[in-house]
Every structure is written in C-alpha cells, then in structure tokens.
Amino acid sequence: MTIFEFALKRSFGNPTNLIFLSLFPLAAIFLPQSELWPALPYGYHYFGILLLFVAIRLTAILIEDRTSGIVKRLAVAPITHFSYLSQNLLAFACILVLQCTVVVAGGVLYGQELGQPLMLLVLYVSFAFTALAMAVAWVALYRSKEIAFLVYMTIIVLLSLLGGMLFPVEMIPEPLSRVIMVLPTYWLTDGMAWVTSGGDLLDFWLANGVLWLYTIIFLTLGSVRKIH
C-alpha cells in the first residue's frame with residue numbers, strides 16, 4: 001500500500017471525518033436560497049467554511065505521524081520526506097476536489113441557481129488548495145492535534161466573519177473594509193460575487209490568482225521538515 005492510499009484509508013477511517021467528508025457537503029446542496037446573499041443558496045456560502053474544517057481535520061494526520069515518531073524514521077527509510085508529504089497532500093487534495101465537484105454538480109442536478117457553475121467549481125478548487133496549505137502550515141506548529149484543531153476553530157470563525165462567509169462584506173465597518181482584503185476568505189467571496197453577477201473576467205482570475213499565491217506561501221511555510 002502506498003502512502004497515498006494509506007492516507008486515503010486513514011482519512012475515511014475516522015467516523016467524525018466521514019461526517020465532514022460526506023454528510024455535510026451533501027447537506028450544503030439542499031440548503032435554501034439565502035436572504036443575505038440573493039444570488040446563491042446558503043450552503044454554497046457556508047461550503048467555504050466546511051473546506052477549512054475538512055482541511056484541518058485531514059492534516060491532523062501529519063501531527064499524529066510526527067508525535068508517533070514516523071517522521072523521524074523517514075530519515076532511515078527508503079522514502080524521502082518530500083515523497084511522504086507530497087503523497088499525503090495529494091490524497092487530501094483529491095478528497096477536497098471531490099467534495100467541490102459533488103457540491104457543484106449536485107447543485108446543478110438539484111436545480112440550484114449557481115450562476116456559472118463551472119467557474120464556481122474552479123473557484124472552490126482554488127480555495128480548497130488554499131485551505132489545505134493553510135492547515136499544513138498550522139499543524140506544523142503543534143505536537144497535539146487536539147490543541148491545533150481547537151485553536152484553529154477560532155481562526156476559522158474569524159476568517160469567516162471578516163471574509164464575508166457568514167454575512168456580506170458590505171456589512172463590515174468601513175475601517176476594516178481594506179484590512180480584510182489580506183484574508184483568503186475575502187477573495188473566495190469576491191470570486192463568488194463574480195460568479196453570480198458577472199463582470200470583467202480578469203477580476204475572477206485575480207481572485208483565483210491571489211488564492212494560489214496564498215497556497216504557495218503557506219505550503220512553503222508548512223513543508224519544512226519537522227522531526228522534533
């Protein structure tokens with residue numbers, strides 16, 4: 001069994017993970033139309049929050065490996081740290097991309113008004129990689145997955161509140177309106193606004209480009225080899 005296959009098995013072997021990986025994404029498809037965001041149903045605004053939760057749940061496996069000494073043993077094993085990390089991340093990414101595909105395709109089949117579904121899928125995938133990279137950078141700081149997860153919950157709430165995922169960014173006070181542009185969640189909601197209302201195509205690709213920039217930065221920070 002390869003590391004990639006083992007990571008998939010471990011991800012789906014946890015009952016709590018199964019809820020995040022299956023039931024919650026399916027529930028997002030059937031949530032009603034939003035009053036705060038007339039263009040998209042509630043589930044499609046909250047789905048970005050779910051991606052953040054799923055990413056930290058999946059990457060907690062890396063903490064388990066580090067605390068159990070698996071990462072240390074890689075130094076004498078016939079496998080490089082890069083291969084170990086990349087195969088784990090590939091498994092996590094496949095899960096997140098599958099979730100994005102199911103939610104968008106399910107919404108189309110269910111008859112939800114999604115604006116431009118293909119572009120929405122592209123945006124979700126971009127944010128999924130950003131969420132994964134953020135989680136990787138975060139778990140690299142901790143030896144306890146419980147503490148890492150609990151503290152990260154607070155960060156997710158703040159990112160959701162300030163990034164326009166719980167209510168429109170127009171409701172955020174003016175002094176914060178420019179500060180929140182540094183948040184990845186802001187660019188997700190900005191891209192979602194384009195998906196539903198249209199506009200200059202460059203604005204859409206700008207939102208995706210910023211998300212991928214964050215992905216590269218956080219992956220660089222989180223991929224430093226941890227052996228302690």
ask   = Residue check: is Phe82 aromatic (Phe, Trp, Tyr) and modelled with pLDDT of 95 or more?
value = no
key: Those residues of the stretch 113-143 which are outside any helix (DSSP H, G or I), within 19 Å of Val224 (Cβ to Cβ) and in contact (Cβ under 8 Å) with a residue 24 or more places away in the chain, in sequence order   = Ala140, Tyr142, Arg143
query = Out of all the residues in the stretch 25-41, which are modelled with pLDDT under 85 and either within 18 Å of Phe127 (Cα to Cα) or in a helix (DSSP H, G or I) (or both)?
reply = Leu40
From the options Gln99, Gln87, residue that is over 28 Å from Leu31 (Cβ atoms) and assigned to a helix (DSSP H, G or I) = Gln87
ask   = Looking at Trp194, is it under 22 Å from Phe53 (Cβ atoms) and assigned to a helix (DSSP H, G or I)?
value = no
note = Checked the stretch 144-186 for anything of a type in the set (Gly, Ala, Ser), over 21 Å from Glu64 (Cα atoms) and assigned to a helix (DSSP H, G or I); matches are Ser160, Ser177
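The values are calculated or read from the model by the stated rules, or taken from the named source; none is laboratory data. Here the structure is a predicted model, which means the values were calculated and not measured. We place every Cβ from the backbone using ideal geometry, glycine too, and count neighbours over all the protein chains shown.
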